[in-house]
Amino acid sequence: MFQGTRFQCIDKVYTLERQNSESGLAVIATTPTDPDYSKLAFARSDNQRLLLGDPFLRDAILQSAALLIPQDTSLPISIRRWDIYPQPYSMPKESSIYVQTLLEGLEENEVHTSVNSFDHTGALNESLKGYRLRKLQHHKEYPNVSDLVCPDDRDTRELRACLTHLAHRFKVKVPEVRVSYLANLHALPKNQRRKIELPLIEKVVQQWTRESDVNNSKFTVEWQQSGKPVVRLSDEPVEISLTHDNRYCIAVAGSWSLGSDIVPVKHRNRKQWLGLLGQIADTLIDDNLDENELNRLGAAIWAVKEVLHKVNVKKTISMKIEQKINNGILFLCETDQGKLKVLACWKIFTRGRDRVVAISVIESETKIIADDALTFDYGGYNSLLNQQHYEIVGDGPQGQVVFVHRFPVTFMPVGQLSRHIYFTHYFFWAGMVREASAWPVLKRIAEQFATGKWGGVTNFAALKVLGEATTHDLIEVRMWASGNGGPQNSVLDLTYDFRKVLPDGGYERLALLEQQTTWVRIINHGIAKVDAYPDYYASFLDEMMPKFKGPNLPHPLPEPLKDLYEHENEDYLYTAPTEPSVKPVLHSQLIETSLEDANIVGNIYFANYYAWQGRVRDRFFHNIIPEYFLGTGEVGELICLTCRVDHLREAMPFDHIQVRMALKALKTCHATLFFEYYKLNSHGDKLKLATGKQDVVWVCRDSKKKPLARPFPKAVHEIFRKSIEQ
């Protein structure tokens with residue numbers, strides 16, 4: 001709420017958890033109340049009578065709710081009821097107040113909570129009901145609740161990601177690294193300090209042995225006279241470097257001579273930095289650097305000097321910047337021990353200010369590949385290069401792992417008349433994300449599928465379009481497993497949340513897609529039978545499944561097309577009678593499949609069925625109103641709101657498939673189209689492969705390009721009428 005240490009009264013966090021997107025709990029303790037709080041609040045004595053008690057403590061009570069939404073900037077907007085209970089006794093001087101905050105619900109931009117505070121005896125002091133906060137801005141880069149519970153894991157993960165990225169760009173090899181928040185190490189006796197540091201050393205060595213495929217069964221740690229730890233595995237030494245700045249401690253492990261350092265970024269002018277760093281920094285620190293660059297570079301040079309000292313360099317002849325990008329520098333140092341390279345990067349960890357981390361590195365043994373041509377710094381690409389393409393997070397609606405993929409929208413997907421994404425691409429993207437999410441076992445799956453004896457088939461997929469995106473937009477797809485069951489426990493339910501990443505880092509929802517797949521054994525050409533998962537895939541899926549029961553609801557986000565779903569005020573002009581087949585049939589089209597439509601299993605890839613829906617639908621409307629397709633939707637266009645296909649049998653390359661589109665329901669602006677897919681056999685009979693449904697709306701756009709539902713063109717309504725009357 002307010003700035004300054006007086007308002008920073010949260011002393012300890014005992015519980016912080018989010019069960020799902022709409023429930024959570026925080027329990028905190030506050031700093032004991034200052035008896036002179038009224039004097040701290042107001043300088044004038046006639047203003048120092050506060051009827052409702054300590055305002056700084058009350059600010060902590062209000063701030064406790066923000067712990068449950070740490071990635072959002074928020075402000076209180078209302079409290080339905082606030083009860084304050086008078087205490088019959090004086091609080092002991094050193095007593096804390098304990099605050100329990102419950103997350104009760106989330107709306108698009110609002111958070112609903114209730115808060116209770118208790119004294120040291122457990123007596124209720126205050127109770128807030130209906131406490132609402134308004135979310136002002138979302139910050140994806142901020143830690144989420146699970147990150148705050150385990151901040152060391154987050155800091156380690158982010159530092160490793162940063163170093164790995166820089167290593168690839170600079171073509172160097174970095175050691176394994178772990179971060180831990182170990183405050184006030186300097187003040188502890190040597191034996192106690194080493195006892196605290198030992199778990200961090202063990203973790204980084206175990207991490208290194210896993211990555212290097214080294215046996216860690218015989219593990220010993222010793223300390224040299226200098227304080228440097230020495231680790232041996234089966235009597236073989238492992239290089240270790242340990243560094244701390246009295247708050248954070250970093251341990252690195254590798255197979256070459258290692259040095260490391262961590263330095264908080266402090267503010268100094270150029271003259272002060274040169275006085276601190278000496279003559280070696282004179283050619284490195286430019287007169288034209290802005291304040292932020294100057295301080296980061298100064299801290300980096302200091303850290304590099306410390307790294308050189310830790311690898312026993314006695315004399316540094318020269319130091320120069322070999323390569324530099326916006327979040328790191330590779331230094332080349334000529335020393336009495338030859339040429340050494342030190343990598344420096346800057347990070348803001350979960351607890352603390354901007355810091356520089358420096359680590360000694362060696363040239364990478366990785367062969368140069370074609371992609372290295374993209375590693376040059378070139379203006380204009382940062383907003384693309386700095387985006388994370390793949391990520392694993394743990395914030396699924398039921399606590400499950402979520403696979404995240406980001407990618408830019410280019411020219412091809414924006415085939416809608418208004419130059420927005422054409423709906424069928426969501427299905428192809430879903431398939432791409434589904435298969436990439438199985439990366440740890442994808443090679444084994446591919447080898448099994450390529451035999452032609454096993455496969456995965458789609459039972460159904462259902463799309464709901466809720467937003468629009470165009471070229472140069474950035475899309476984030478979040479996919480999670482929402483259930484597993486069915487015959488032989490081989491039916492998997494998946495959910496996809498398509499989002500548009502906004503320039504401020506927030507989101508708009510583009511679409512939601514649900515899919516169900518089954519693991520099968522291939523019996524014959526185009527014929528499959530349900531089969532149990534192989535053990536390796538079953539074990540992989542166990543880690544991906546929901547961790548607790550709860551609704552499969554994605555995070556609430558703005559959904560720009562949501563209003564198009566509200567058409568209860570439109571009367572039905574037609575609903576198809578309940579019969580074995582849906583009538584009238586509006587259009588029929590023959591599809592000839594080929595290897596282009598197939599996948600590794602050998603059957604027709606599921607996403608093609610949805611593309612065929614679009615092809616048949618568009619041909620029907622173009623036949624009636626071709627003039628509407630000449631522009632960019634200025635006079636109106638058709639938008640898909642929902643799309644679904646239920647798959648019954650498999651189609652194969654070189655099949656002849658008839659796709660029939662019928663009218664299931666009609667309103668003034670909306671319609672429901674029904675699809676049937678038939679395989680045409682050589683002797684004239686038909687085999688039904690699938691059925692589908694699509695809800696569409698005719699729209700025109702207002703001055704802000706927002707699509708608004710409008711009546712179908714007269715020519716379309718006339719064709720509908722004639723078809724119904726036949």
- Query: For the residue pair residue 293 and residue 191, what label-to-label distance in nm results when each label sits 7 Å from Cα along the Cα-to-beta-carbon direction?
  - Reply: 5.2
- By how many nm would the segment from residue 622 to residue 686 grow when fully extended, if each residue of separation counts as 0.36 nm and the alpha-carbon distance is taken off? 20.3 nm
- Item | Heavy-atom accessible area order for 667, 686, largest first, 1.4 Å probe | 686, 667
- Query: How would 9, 150, 700 rank on accessible area, largest to smallest, probe 1.4 Å?
  - Reply: 150, 700, 9
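Sorted by average packing, counted as other Cβ atoms within 10 angstrom per residue and highest first, what order do 646-659, 576-589 take? Numbers along the way, then the final one.
Details: 646-659: 17.6, 576-589: 13.2.
Listed from highest to lowest mean packing, they are 646-659, 576-589.
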- Item | Length added when fully stretched, residue 271-residue 184, from 0.36 nm per residue minus Cα-Cα | 28.3 nm
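About the Cα centre of the chain, how large is the charge dipole given +1 on each Lys and Arg Cβ and -1 on each Asp and Glu Cβ? Please answer in debye to the nearest 20. Kindly include the intermediate steps, with their values, before the conclusion.
Values: 87 positive and 89 negative charges, 124 e Å.
Rounded to the nearest 20 debye, it is 600 debye.
Which of the GluC sites (Glu not before Pro) found in the range 92-178 are in a DSSP loop and have at most 14 neighbouring Cβ atoms, other than their own, within 10 Å? Mind showing how you got there, number by number?
Working: sites: 94, 104, 107, 108, 110, 126, 141, 158, 176; in loops: 94, 107, 108, 141.
Qualifying residues, ordered by number: 94, 107, 108, 141.
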- Query: Using a simple spin-label model with points 7 Å from Cα along the Cα→Cβ vector, what separation in nm is obtained for residue 543 and residue 314?
  - Reply: 4.9
- Ignoring ligands and nucleic acids, what accessible area does residue 336 show with a 1.4 Å probe (Å², nearest 10)? 80
- Query: Hey, what angle do you get for helix 291-310 against the long axis of the chain, alpha-carbon based, 0 to 90 degrees rounded to 10?
  - Reply: 60
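Set the Förster distance to 35 Å, then compute FRET efficiency between residue 553 and residue 327 from the Cβ-Cβ distance, nearest 0.05.
Details: r = 36 Å, r/R0 = 1.02.
It comes out at approximately 0.50.
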- Vicinal HN-Hα couplings computed from phi for the range 180-193 (Karplus, 6.51 cos²θ - 1.76 cosθ + 1.60; Hz; Gly/Pro x): 9, 8, 10, 6, 6, 4, 4, 7, 8, x, 4, 5, 5, 5
- Note on the structure: Checked the range 278-350 with the C-alpha gyration tensor, a ≥ b ≥ c its square-rooted eigenvalues, rounded below a/c of 1.5, otherwise prolate if a/b is larger than b/c and oblate if not; verdict prolate
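Can you give the FRET efficiency for residue 439 and residue 144, using 1/(1 + (r/R0)^6), R0 = 22 Å, r = Cβ-Cβ distance, to the nearest 0.05? Working shown, then result.
On the way: r = 23 Å, r/R0 = 1.04.
Approximately 0.45, to the nearest 0.05.
Test of understanding: what is the full-extension gain from residue 705 to residue 596, defined as 0.36 nm times their sequence separation minus their Cα-Cα distance? Show your work: numbers first, answer last.
Details: separation 109, 0.36 × 109 = 39.24 nm, distance 3.64 nm.
Result for the pair: 35.6 nm of gain on full extension.
Mind putting a number on the dipole of the range 507-615 about its Cα centre? Charges go on the C-beta only, +1 for Lys and Arg and -1 for Asp and Glu, and I need it in Debye to the nearest 20.
Computed about the Cα centre, the dipole is about 380 debye.
Out of the range 245-308, which GluC sites (Glu not before Pro) are coil in DSSP terms and have no more than 15 other C-beta atoms within 10 Å?
Numbers: sites: 291, 293, 306; in loops: none.
Of the GluC sites (Glu not before Pro), not one in the loops of the range 245-308 has a Cβ with at most 15 other Cβ atoms within 10 Å.
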- What aspartates and glutamates sit close enough to residue 549 to cross-link, taking a C-alpha to C-alpha distance under 20 Å and skipping anything fewer than 8 places away on the same chain? 17, 22, 104, 395, 493, 497, 514
- Task: Express in Å², to the nearest 10, the accessible area of residue 590 obtained by rolling a 1.4 Å probe over the protein heavy atoms while all chains stay in place.
- Result: 90
- Task: Measure up 195/341; 195/347; 464/693; 453/679 against 20 Å on the Cα-Cα distance and list the ones that go over.
- Result: 195/341; 195/347; 453/679
- Message: If you average the C-alpha positions of the range 396-424 and of the range 444-519 separately, how far apart do those two centres end up, in angstrom?
- Response: 10
- Task: Please name whichever of 595, 576, 605 sits farthest to the positive end of the charge dipole of the range 556-613, dipole taken about the Cα centre and charges placed at Cβ: Lys and Arg +1, Asp and Glu -1.
- Result: 595
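Evaluate the charge dipole of the range 135-246 about its Cα centre and quote only its size in Debye, nearest 20, assuming +1 on the Cβ of each Lys and Arg and -1 on the Cβ of each Asp and Glu.
Working: 18 positive and 16 negative charges, 34 e Å.
Magnitude of the dipole: close to 160 debye.
Just check the range 645-706 against the gyration tensor rule for me: Cα atoms, a ≥ b ≥ c as the square roots of the eigenvalues, rounded for a/c under 1.5, and otherwise prolate or oblate depending on whether a/b exceeds b/c.
Working: a/c = 3.52, a/b = 2.64, b/c = 1.34.
The shape class here is prolate.
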- Item | the range 533-631 shape via C-alpha gyration tensor axes, a/c threshold 1.5 | oblate
- Message: I'd like to know which of 277, 398, 244 lies farthest towards the positive end of the charge dipole of the chain, counting +1 on Cβ of Lys and Arg and -1 on Cβ of Asp and Glu.
- Response: 277
- Points 7 angstrom from Cα along the Cβ direction at residue 15 and residue 134: gap in nanometres? 3.1
- Note on the structure: A correct Karplus calculation of ³J(HN,Hα) over the range 275-290, with 6.51 cos²θ - 1.76 cosθ + 1.60, θ = phi - 60°, whole Hz and x for Gly and Pro, returns x, 7, 8, x, 4, 4, 8, 4, 7, 8, 9, 6, 5, 9, 5, 6
- By accessible area (1.4 Å), largest first, 173, 549, 500, 688 order as 549, 173, 688, 500
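Helix-derived [θ] at 222 nm for the chain: sum -39500 (n - 2.57) over DSSP H runs of at least 4, divide by residue count, nearest 500?
Values: 13 runs with 157 residues, N = 726.
When only DSSP H runs of four or more count, the value is -6500 deg cm²/dmol.
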- Item | Quarter of the Cα convex hull surface for the range 604-726, i.e. its orientation-mean projected area (nm²) | 9.0
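For the chain, what does the equivalent ellipsoid look like in terms of its semi-axes, each the square root of 5 times an eigenvalue of the Cα gyration tensor, given largest first in whole Å?
Each semi-axis is √(5λ); the values are 54, 36, 26 Å.
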- Query: So which chymotrypsin sites (Phe, Trp or Tyr not before Pro) in the range 236-326 are both in a DSSP loop and have at most 16 other Cβ atoms within 10 Å of their Cβ?
  - Reply: 256
- So the carbon and sulfur contribution to the accessible area of the chain, 1.4 Å probe, in percent, is 51
- Message: Could you give each residue of the range 605-611 its phi-based ³J(HN,Hα) in whole Hz, using Karplus coefficients 6.51, -1.76, 1.60 with θ = phi - 60°, and x for Gly or Pro?
- Response: 5, 4, 5, 5, 4, 7, 5
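The values are calculated or read from the model by the stated rules, or taken from the named source; none is laboratory data. Please read these numbers as outputs of a predicted model, since none were measured by experiment. All Cβ positions, glycine included, derive from the backbone under ideal geometry; neighbour counts span all protein chains shown. Quick note on the areas: whole protein, heavy atoms, side chains included, nothing else; ligands and nucleic acids left out. Shrake-Rupley method; radii C 1.70, N 1.55, O 1.52, S 1.80 Å.
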